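The values are calculated or read from the model by the stated rules, or taken from the named source; none is laboratory data. What you are looking at is a predicted structure, and each value in this text was computed from that prediction instead of being measured. With ideal geometry, Cβ positions are generated from the backbone for all residues, glycine too; neighbour counts draw on all protein chains shown. Areas reflect the complete protein model, heavy atoms only, side chains present, ligands, DNA and RNA absent. Shrake-Rupley method; radii C 1.70, N 1.55, O 1.52, S 1.80 Å.
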Amino acid sequence: MCLMVKCALCVHLIYSDIVQRSREELKAIRETNPGLKPTLAIIQVCLCIGLNVMQICLPRQCTEEEVSDEILRLNEDSRVYGIFLHLPQSFLSKSVRNAIKPQKDVDGVSDLNVGRVVLGDQRDGFASPIAGAVLEMLARHGVYLFVYAFRHMLLHLHSKVFTEMFVAVVICQHVVRSSRRWIQEQQYQPWRLHPLKLQPLSPVPSDIEISRAQTPKPISQLAQEVGLLPEELEAYGNTKAKVHLSLLNRLQHQPNGKYVLVAGITPTPLGEGKSTVTIGLVQALSAHLKLNSFACLRQPSQGPTFGVKGGAAGGGYAQVIPMEEFNLHLTGDIHAITAANNLVAAAIDARILHEATQSDKALYSRLVPSVNGVRCFSPIQMARLQRLGINKSDPSDLTPEEVRAFVRLDLDPEKVTWQRVIDTNDRFLRKITVGQANTEKGNARQTQFDIAVASEIMAILALTDGLADMRARLGRMVVGSSRNGQPITADDLGVTGALAVLMKDAIKPTLMQTLEGTPVFVHAGPFANIAHGNSSVLADKLALKLVGEEGFVVTEAGFGADIGMEKFFNIKCRTSGLKPDVVVLVATVRALKMHGGGPNVTAGVPLPKEYISENLQLVADGCSNLKKQIQIAHLFGVPVVVALNAFKTDTQAEIDLVCRIAEASGASAAVQCHHWSRGGRGSVELAQAVKKVASQKNYFQFLYNLQDSVVEKIRTIAQKVYGADDIELSPEAQAKIDYYNQQGFGALPICMAKTHLSLSHMPEKKGVPTGFILPIRDIRASIGAGFIYPLVGTMSTMPGLPTRPCFYDIDLDPVTEEIKGLF
């Protein structure tokens, strides 16, 4: 056979082979991904091998900018896997060619793809069809035969039909390859984490000085290191970003990692460092043991930040950075909650006023106005009609009785349960009067403010599993009762859609990093004493997918294990369906001495000498509280690792004593931690213990059955967790229980609102109080969030400021714009 014939055959075989391989690859892709339809977008001829083809015809008089805008749109279209420019030469400028994403540039015209051909690197891009054919022939037949084959191909390129067919075949092949690459990108990606180096100083500088001394990685780099795709990230500056919930769909078949809960013993008013332990633990796991790990933390309220406790970014060399961004506005989630909550409050009072001052006919004409001569119900109004049993869609068809039922919620001002909120500790808002202006026509009533993180909307954000679920929960929120005793919801007010709009960005967790460059999700921030006290279900679920089967997600529950941990198990785990593998129980020698009979600990006042000198008896006596908290964890069948957060005033004898008593009390391990002064290196022993215990089988169970009566569920928590002899219901609390049972809310879990400073309802009672009756003063219901919360004793939902709040030390340098005094 002559050489020319061989060459012609060679070109034909390459052509045919590309067609056949592309068909086979596309068939294989569709078999494993039936919903995938690879699409080629042609901006202005494609051989049919089964691809979708989208042809965009721009007007002849269009500008270069309009062409670029169309390319940019297609770049972001997830259905499109290839873009081919079939344009006059005058439009193929450098800026137009380079506007195409290299991974979608199936014609290989962008400078980046041309450069990759020169470098021989086509892993992420494409060569032009002719260059691709050259490379294919070189690979198959070597240089000698290639020269003749290439001459033959060039002769045929004078044929327009041959050229277009050849180019079309290669482009189709590139689209198939692009879709395969996309599928591979969607799979779980191994981490390529590059920890930040930490050089601890002694003495340890202030938290804000440590935070400022470390340069955080760009958040886009961290996201890439932990397997997030660029389209899943929504940056807020250079150090924090929202993460899209689409990640859950992408990694839905990826097994979860290990689930670790950090809780604590009953704390002093100073806090015992659960956030610091959480950060130190993940720094140890990822930066030192080289295990994938994610911390999931709550967003701090500005109440404590400017009040007594300060921020919640951790401390020392175990922090989330930048700590001032973490502790202040972050990405605005709490502001969104405040706006949504207060919109409901405004809607309530406005509705009461309008119903009191207008006839049925006037209300109906305003609620269902005529627009361009046409009246129609909005979707949320149609839903209300259906709840009322009125199956009509034409506003003119309603009878007077049906109109009255539709327009009148008949909210009883004395039975409105919804409060306004603000993210500030302000004791003078605990009881207020609204509606005193003459324009409100005598519709004044007493109400109150709660702190923003106590809003039911915050609880919903923390417990929801997606936008649709959040919207449904927002609609179910009960804001009060009608005069005939019927619950009135946000859906009845017609405000649900607006609330969902206000919350649409807040539902996405915020990605940040620790001092050692390990990932952190910050999302939601309900208090543990007046709400359920845990970060969001969504953040935990996202993190559990990202860390992989051998990784760890470490999340924190607020205050002591009797409050935050109990609610984590009984409320959060019921909602999420997730099961924890191990509890890390944080203790300090300082807190144990307090529980052993030491003097009162007061924020802002120097510690008494008993807390800064060795006293083994106080420590031993105070370990009764530690033992009780271990027992509480065991009620749920979860193993415990005790993390003793060591202070420089602790002696080795005190530390050893605590660890011995903890292990003798049933802890699987007890270790001292020095993350505050050493970073992750100071918590390596804790990380090793957590890794070992988390691999063991546990027997997680809930404390009570949801079908138990409300009273029995409260009694179970009071007796088994707090150690009470029994409970005592006020007449008001009993009446509320009867009402909630009547409305069908009795099968909800319980969220106790109780002081965090004691196992009992009495803050001054330390250690393990016994012989007390737990008083239930009132009971409220968060139907949207999905729990009933009893108010124990004198528990308030609006904290107050102390004599000397933290804000005395907080200031701004007007020249450098640096914040001072945050901790």
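Taking a ≥ b ≥ c as the square roots of the eigenvalues of the alpha-carbon gyration tensor, the chain is classed oblate because a/c is 1.5 or more while a/b is no larger than b/c. Counting only Cα atoms, the size of segment 433-535 along its three principal axes is 59, 28, 26 Å, in decreasing order. Directionally averaged projected area (segment 183-281, Cα convex hull): 9.2 nm².
Sorting HIS675, HIS335, HIS253, HIS761 on solvent-accessible area from highest to lowest, probe radius 1.4 Å, gives HIS253, HIS335, HIS761, HIS675. Each listed q (0.14, 0.17, 0.20 Å⁻¹) maps to a log10 I(q)/I(0) for segment 334-503 from the Debye sum over equal C-alpha point scatterers, namely -0.80, -1.13, -1.40.
Nothing charged except the Cβ atoms of Lys and Arg (+1) and of Asp and Glu (-1): what's the magnitude of the dipole of segment 710-791 about its Cα centre? Round to the nearest 20 debye. Present the calculation step by step, with values, prior to reporting the outcome.
Values: 9 positive and 8 negative charges, 54 e Å.
For this selection, approximately 260 debye.
Calculated mean residue ellipticity, 222 nm, the chain: -11500 deg cm²/dmol, from DSSP H runs (n ≥ 4) at -39500 (n - 2.57) each, averaged per residue and rounded to 500.
Roughly how many Å² is the accessible area per residue of segment 334-503, as a whole number, for a 1.4 Å probe? Don't skip to the end; give the middle numbers.
Values: 8050 Å² over 170 residues.
Dividing the accessible area of segment 334-503 by its residue count gives 47 Å².
What a 1.4 Å probe finds exposed on segment 381-487 is 47% carbon and sulfur by accessible area, rounded to a whole percent. Sorted largest first, the spans of the alpha carbon positions of segment 710-791 along the three principal axes are 39, 24, 18 Å. Cross-link pairs exceeding 25 Å between alpha carbons, from the set LYS572/LYS628; LYS648/LYS691; LYS217/LYS545; LYS627/LYS692; LYS504/LYS572; LYS242/LYS692: LYS648/LYS691; LYS242/LYS692. DSSP bridge analysis restricted to the chain gives an antiparallel fraction near 40%, rounded to the nearest 5.
For GLN448 and LYS415, compute 0.36 nm times the residue count separating them, minus their Cα-Cα distance, and round to one decimal in nm. Between GLN448 and LYS415, full extension yields an extra 10.6 nm. Summary value for segment 618-685: 33 percent relative contact order, contacts being C-alpha pairs under 8 angstrom separated by 6+ residues.
Taking the Cα centre of the chain as reference, the dipole from Cβ charges on Lys and Arg (+1) and Asp and Glu (-1) amounts to some 1180 debye.
Probe of 1.4 angstrom, ligands and nucleic acids ignored: what's the accessible area per residue over segment 741-791, in square angstrom? Display every interim value, and only then the final one.
Numbers: 1620 Å² over 51 residues.
Solvent-accessible surface per residue comes out at 32 Å².
Residues whose amide H falls under 5 Å from that of GLY82, counting only those 5 or more places apart or on a different chain, are THR39, ALA41, with hydrogens built in the peptide plane.
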